[in-house]
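Undergrad: Quick one: the structure is below, questions incoming.
Values quoted throughout were computed directly from the atomic coordinates according to the rules given, and no laboratory measurement underlies them. Source: prediction; values computed, not measured. Glycine gets a Cβ as well: all are built from the backbone with ideal geometry, and neighbour counts include every protein chain shown.
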Amino acid sequence: MKPTWYKKAPVGFSILARPIGWPFVVCYVAFIVGEFILTRPTRGRPDQRDRGTFYAYMAVMAVSFSLNFGLYFSLPRSAGAWPRVGAGLVLALAAESLRVVGKRQLGRFFTMTVTIQQGHRLIQQGLYSRMRHPLYGALALFFLAWPLTIPSAKGAILGLFAGCGILLVTLWRISVEEEALSSAFGQEWESYARRTWRLLPWVY
């Protein structure tokens, strides 16, 4: 027998008690664990090379979190949602796993702002042997996949718009960072850029 609160609860609270609502929460927890426990967020020194992309990221991420949670808690589930929700879960967890691996491979050179540190080296091993920006690609993938785990199809579609906003900021950040890296590393960067892909091997 279902508890009384389950029958009377609003859409959002009742969805927490159903398996279809769990993947959304699992993705959120995975993001928090990956970004703040398994790795440490380091903002880096204020640097004019960042051109405000850090604040743009913070703004679109805040919108995405707020929108996705609002949609998750306010809209009823759609029929036949499991294939979409399952795909979103797998993609989001894969994206966050790539984030953790990529940040560890960067080590102390990972910062949340575009910054050239003292003694900075150009990392070209691991994920960076094929992709120049695996962290940005994984971040964009996470925020495009996470909305798919919203049980409501309408909510998933609306959540994707916020994910597209993060993708646009990501493309801007990449252009800003590549300009800074080219200026700092010159020929070494140009050689590295010629043999690697920006975000997705054999595509872009």
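Undergrad: Once you have all Cα-Cα distances for the range 27-94, histogram them in 5 Å bins from zero and send the whole-percent values.
TA: Whole-percent P(r) values from 0 Å outward: 3, 12, 14, 22, 20, 12, 8, 5, 3, 1.
Undergrad: Another one. Compute the relative contact order of the chain as a whole-number percentage, counting only Cα pairs closer than 8 Å that sit 6 or more residues apart in sequence.
TA: On the way: 256 pairs, mean separation 60.2, N = 204.
RCO, the chain: 30 percent.
Undergrad: Please state, rounded to one decimal and in Å, the Kirkwood hydrodynamic radius that the range 64-143 gives when every pair of distinct Cα atoms enters the mean of 1/r. Write down the numbers at each step before the final one.
TA: On the way: mean 1/r = 0.0667 Å⁻¹.
Result for the range 64-143 stands at 15.0 Å.
Undergrad: Can you list the trypsin sites (Lys or Arg not before Pro) in the range 41-116 that are in a DSSP coil and have 11 or fewer other beta carbons within 10 angstrom?
TA: Working: sites: 43, 49, 51, 77, 84, 99, 103, 104, 108; in loops: 43, 51, 77.
Hits after loop and neighbour filter: 43.
Undergrad: While we're here: Give the long-range amide H neighbours of residue 197: residues separated by 5 or more places, or on another chain, with amide H under 5 Å away, using H modelled in the peptide plane at 1.01 Å from N.
TA: Counting only residues 5 or more places away or on other chains, the set is 131, 132.
Undergrad: In addition: Explain nothing, just the number: dipole magnitude of the range 88-193 about its Cα centre with +1 on each Lys and Arg Cβ and -1 on each Asp and Glu Cβ, in debye rounded to the nearest 20. Before the final figure, lay out each step's value.
TA: Numbers: 9 positive and 6 negative charges, 71 e Å.
Roughly 340 debye, rounded to the nearest 20.
Undergrad: Now, a different point. So what is the calculated 222 nm ellipticity per residue for the chain, using -39500 (n - 2.57) for each DSSP H run with n of 4 or more, over all residues, to the nearest 500 deg cm²/dmol? Could the numbers behind the result be given before it?
TA: Numbers: 8 runs with 126 residues, N = 204.
The helix contribution divided over the chain gives -20500 deg cm²/dmol.
Undergrad: So, one more: Kindly provide the Kirkwood hydrodynamic radius of the chain in Å, to one decimal, from all pairs of distinct alpha carbon atoms. Intermediate values should be presented prior to the final figure.
TA: On the way: mean 1/r = 0.0549 Å⁻¹.
After inverting the mean inverse Cα-Cα distance, the result is 18.2 Å.
Undergrad: Of 94, 41, 55, whose Cα points farthest to the positive end of the dipole of the chain (charges on the beta-carbon: +1 Lys, Arg; -1 Asp, Glu; origin at the Cα centre)?
TA: Of the options given, the answer is 94.
Undergrad: Only Lys, Arg, Asp and Glu count, each charged at its Cβ (+1, +1, -1, -1), so figure out the dipole size of the range 73-121 about its Cα centre, rounded to 20 debye. Could the numbers behind the result be given before it?
TA: Working: 7 positive and 1 negative charges, 28 e Å.
Dipole magnitude for the range 73-121 comes out near 140 debye.
Undergrad: Sticking with this structure for a sec: Using a basic spin-label model with each label point 7 Å from the Cα along Cα→Cβ, how many nm lie between residue 58 and residue 121?
TA: Result for the modelled spin labels: 3.1 nm.
Undergrad: What do you get for the angle between helix 22-36 and the principal long axis of the chain? Use alpha-carbon atoms, 0 to 90 degrees, nearest ten.
TA: Once rounded, one gets 30 degrees.
Undergrad: Starting from the Cα-Cα distance between residue 178 and residue 154, subtract it from 0.36 nm times their residue separation and give me the gain in nm to one decimal.
TA: Details: separation 24, 0.36 × 24 = 8.64 nm, distance 3.67 nm.
My answer for the length gained is 5.0 nm.
Undergrad: What angle do you read, to the nearest 10 degrees and between 0 and 90, between the alpha-carbon axis of helix 153-185 and the longest principal axis of the chain?
TA: Helix 153-185 sits roughly 10 degrees off the main axis of the chain.
Undergrad: For helix 53-74, report the angle its Cα long axis makes with the longest principal axis of the Cα atoms of the chain; keep it between 0 and 90° and round to the nearest 10°.
TA: 10
Undergrad: Where the eigenvalues come from the Cα gyration tensor of the range 133-204, what are the semi-axes √(5λ) of the equivalent ellipsoid, largest first, in whole Å? Let's see the in-between values first.
TA: Values: eigenvalues 198, 28, 10 Å².
Ellipsoid half-lengths, sorted descending, are 31, 12, 7 Å.
Undergrad: Contact order normalised by length for the range 117-173, with contacts defined as Cα pairs under 8 Å and 6 or more residues apart; what percent is it? Could you put the intermediate results ahead of the total?
TA: Numbers: 28 pairs, mean separation 16.6, N = 57.
Relative contact order of the range 117-173: 29 percent.
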